[in-house]
1. In whole angstrom, how long is each semi-axis of the equivalent ellipsoid of region 7-131, when you take the square root of 5 times every eigenvalue of its Cα gyration tensor and sort them from largest down?
2. For a Förster distance of 22 Å, can you work out the FRET efficiency between the beta-carbons of Ser161 and Leu33, rounded to the nearest 0.05?
3. Which stretch or stretches of region 35-75 have amide N atoms under 15 Å from the point lying 7 Å from Ser11's Cα along the Cα→Cβ direction?
4. Sticking to Cα atoms, compute the Rg of region 234-500 to one decimal and its Dmax as the biggest Cα-Cα distance, whole number, in Å.
5. At 1.4 Å probe size, with every protein chain present, just tell me what the per residue accessible area of region 234-500 comes to in Å².
6. Take the Cα gyration tensor of region 312-462, multiply each eigenvalue by 5, square-root it, and list the three semi-axes largest first, rounded to whole angstrom.
7. R0 = 41 Å: FRET efficiency of Met354 with His243, Cβ-based, nearest 0.05?
8. What value does the chain have for Rg/Rh, both radii from Cα atoms and Rh as Kirkwood defines it?
Amino acid sequence: RATMKSLRFLSAEAFVSNAAFARRSLDGVAHNLFPLLFKASYLLEQGEVVHDLVENWPLIDFNLGKLLGATADYQEDLSCRTCSVCLESCLTGLRDYVLHQPSPYMKRLKVVDLTGIRDVEVQLCGCKKTMGRWARTQLLSKLCLELLGHPQQPERSSEVSIDVLIDLFVTERSYELVAQALLKKCSCPLKICCVAFRTDNLALQKFFYIIKLTEPSLLRKLEIVHNVRLEMEHLEILFNSIHFPLLMSLTLPARTFNVQRFTASDERLLARVGEQMGGMTQLSELNISFSVLTGRIQKLLSPLKTPLKKLDVSNCSLNHVDMTYLANSFHANHLEALDLSGHNIPDLYPSIFMKLLSHSSPVLRSLTLEDCNFQDTHVHMLILGLSYCHKLQEFKFLGNPLSARALKHLFTFFCELPMLRNVEFPVPRDCYPIGITYPIDDASLCRFDHRKYESVAEELKLILLQANREDVKASTPLFGSYDAAVQETNNELGAYLIKSFKETLEKFTTSLNKMS
């Protein structure tokens, strides 16, 4: 659906569409028109104009999310367009702002906020080439080091000091560059201010070093994922040595906790980690998926002073005691996003699950129940539980053994949820060969009747269409939802996995040789 543009915005588009003319004419443009021209240039992917607007930015702040967001002149939100041409032009324009602006009196820029842009799967920009979070981190770090080595730098450093707010993403491949930029930021006119930090595929020692360089006291989000071998004892050391007073969101890698091999000292250690997390008074989002926490969720969460708004305990082997605690805890009434995937809810704790859902229903916006063994006989229970979730915007239930008939029943109900916008539904059980077992392994996941699935999917979408619910997007991402960070670094991740597999084989071969 086309978004209306004001006459001012149409004029701005006409002005920037001739890049050479626009660049020559910027000196005569009123300062309050720069934001308007910036959004128009970004929409038309006029990289050279974007660069020059930033290089000559006359205002005190430059907030990328707000500049690209909905405005009175053009309601469309462009903050999900991580266009490589435009973002590179923004960042190089920022570097050249430091170097080339002639008069120090014109240099008013103090804060650049790059945190408001969102990485999404489908890019609407014409070039179709994105600059993700990892690449933005890399480029900004490179430009900061370039500035430090520039001949004009000593005289410029006293004139300009700009805080650049950014969500950093560091892997082994970018570690040296980013660490150097952070280490030298005091001397650089562009001061990297890390608001959120994500790391993947990084040695633990390097993680501990670089996290201290980010100014943890300002950090609001910390994601330690996948190939960072962080275990519970390392987590205690991290929380003991570094304080995160503003931390609101914490994601820990798989197997950070594993109660299957707990000793008495481990139990005490878990309690201390819980107490340390309790000291983070702003913490409201926690992702501890793929840890084994059977019977220990209360010990970890009860010290928290602030109720959690987002909780991901998928594949954590929770038992009845854990679910009872969650349902009765003060967190339940505040949960806006909940992921309980990988638990056999209908067989293990159906009534407690219903209680948890009823407590969170007034605020719940996102619910994920993948691989939870919901079958046709449980559809009524699901509908009953969800019927009070009037604010639910997203429901994901991939991997459940439900028939096409059951899915139609559910979709008819989905039409009654006024805020629902996104549904991820499983391939119907009757599309798979008879005798398929759940959860379905990766090798068998794609071995279903694709023609039959497409027919069922069309029927489900027709149910939404007939109820005037075209606003609901329904899909079946077989291998899970899109993750922009994983997508951007999948080559590095793949290389790491191959290397790890090779090292494991070599160790195994060496052991066999010693035995023989």
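1. Each semi-axis is √(5λ); the values are 21, 17, 14 Å.
2. Efficiency computed from Cβ-Cβ geometry: 0.25.
3. Under 15 Å, as judged by backbone N against the label point of Ser11, lie 35-38, 40, 73-74 of region 35-75.
4. Considering region 234-500 through its Cα atoms, Rg and Dmax are 19.7, 60 Å.
5. 46
6. In descending order the semi-axes read 26, 19, 12 Å.
7. 0.55
8. Value, to two decimals: 1.00.
The values are calculated or read from the model by the stated rules, or taken from the named source; none is laboratory data. This structure is a prediction, so every number in the text was calculated from the model and none was measured. All Cβ positions, glycine included, derive from the backbone under ideal geometry; neighbour counts span all protein chains shown. Please note that ligands, DNA and RNA were not included when accessible areas were found on the heavy atoms of the full protein model with its side chains. Shrake-Rupley method; radii C 1.70, N 1.55, O 1.52, S 1.80 Å.
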